Each structure stands twice: as structure tokens, then as C-alpha cells.
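What follows is calculated from the coordinates using simple rules that are stated; it is not laboratory data. Quick caveat, the model's predicted, so the values are computed rather than measured.
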Amino acid sequence: MRAAAGVRVVRHRDRRRRARRRRVLWGGGEVLVTAGLVLLLLVVHQLWWTNREARRGAERKVAALEREWGGSGTTTTGGGPSRGSGTAASAAEPATPGNSRAPQRPYTPATTPPPRRSQAYAVLTVPRLNLRVPVAEGVSKADVLNKGYVGHYPGTGQPGQAGNFALAGHRNTHGEPFRYLPRLRRGDAVEVETRSATYTYDVDQVLPRTSAADSGVVRPVPRSLARPGYGYDEPGYYLTLTTCTPEFTSRYRLVVWARLASVRPR
């Protein structure tokens, strides 16, 4: 039987096709919304939760180290550390190259057992950055860096020793202790506290960007292999701070070098 002129006939097959199309579009929209929510939660986890938990853990570890050492040699006011009058140059300062305050005899750090892998054994304080964070042995992400700690490059020197005491830290997420490292300027103080002494280093050079494989920056006499204009030519008492750059990437490394300026034994 033919349809009357001007009357559109809708077949069941067309209805089913349109219904399937609607279900596909609706299902696709639900998948996109769900994926967006999952990505949002991941971003919140990385940028907020990991920072919150890592900072709490790092603060607890600093407090635990201070209790273990019998009290901190650094006072804290207004939420940040201050150097105070006790950081005046000690009579046992190291005779470092270029250190005009150096005495006649070098400082000899106390002999202590080498730290175990992932063991927190020092506290890094950077007054300009309002930073106070544990230093642990090694640069493992899971066991050190992701806890909000700063990691000591194995094989490099220890605090107060001749050579290069080299450290790494996250710039973003997991406490991001080195996020504001580019704010450091020449002459800024960086303190490293251990069980036996507090070592004060003065920032000397900043290398804004170098290759992630530039191993020269952590050598005993640090000098960039990628950018030879940055670094040193003679032995000394050095501190190296490294982190990723630009932010939220790991393509390059930012490097800050400091020289040992004074020592305050406990």
C-alpha cells in the first residue's frame, strides 16, 4: 500500500539508526566527561596532594633530626629560618680559594660513618627561599626526592669536606623544595646542618640552563661540560644545587654553586 502524497513514512529501521546514533553520542560524551574528571583529579593529586604530603613529611623529618641532635642551631622566626648572630665566622673556617675570611688553618670535619642509602642525615636551610628541608643520601625518586627531601649525589663530597657537596631536588610536585631556586643571587647564604656542625655556604655562580647529562657540574672541581664558561678551575669547598628547568619539565638542569664561608661546630 503506497503512502498518501505529501506524507512522510518513517520506517522502524530509520528510528533504530537514529537511536543508535544518539546512544553512541551520549556514550562518547560520558567517556569524555569521565576522562576529563580523571585528568583533573590527577592534576590535583600531582600539584596539590603530593606537595602537601611531602612537605608535611619533610617537616616531621627535620623536627626528628633536631631532636636526635639535641636541638637546632638555627632559630626560626615568622615561619622562616634566620641566621642570627651565631653564624659569625668561626675560628675554624676552611681555607677556601677566594675566601677572604679564611684563617690560617683549614677546618677538618668530624669523622662520622657514611650515611646509609636514603637516610636523612642533614638539614638544608636557604633563608632567601624560606626553605628548610632534610638532606638524604641518594637521588632516588621513590625513596628520597618524592618524599620532599633533597638528595645527595652519591660519590660527591659531604658537608664541610674539600670537594663538591652536590644536591638535587624537585622543582615541581612532591614538595618542590627547589621551585624558587632561580631567585638565588650571588652572596646569598645556604646553610647545611649536621650532627657535628653547621656549614654556611655563600652562593657564587648560577648556571641558568645546561644539559641533563652534564656531569661536570657535580665533579669535585665543578665545571659545566656543555657550557664551559660556568664553573671553577681549582680545588675548593663547594656546594652544588641542581633541579629541572623549565618548570614542569625535566629537559634541562638549573645549577647553583656556592663556596664554604664559615663553620659553626656544635
*Please give the contour-minus-distance gain from E247 to R16: 0.36 nm per residue of separation, less the Cα-Cα distance, rounded to one decimal in nm.*
78.0 nm
*HN-Hα J couplings of the range 125-139 from phi, Karplus 6.51/-1.76/1.60, θ = phi - 60°, integer Hz, Gly and Pro as x?*
10, 10, x, 4, 8, 6, 10, 8, 9, x, 10, 10, 6, x, 10
*Looking at the square roots a ≥ b ≥ c of the eigenvalues of the Cα gyration tensor of the range 143-266, which shape do they give, rounded for a/c under 1.5, prolate if a/b is larger than b/c, or oblate?*
oblate
*Given H placed on each backbone N at 1.01 Å, which residues far from R266 in sequence or on other chains put an amide H within less than 5 Å of it?*
A197, T198
*the range 150-266: relative contact order in percent, alpha carbon pairs under 8 Å with at least 6 residues between*: 31
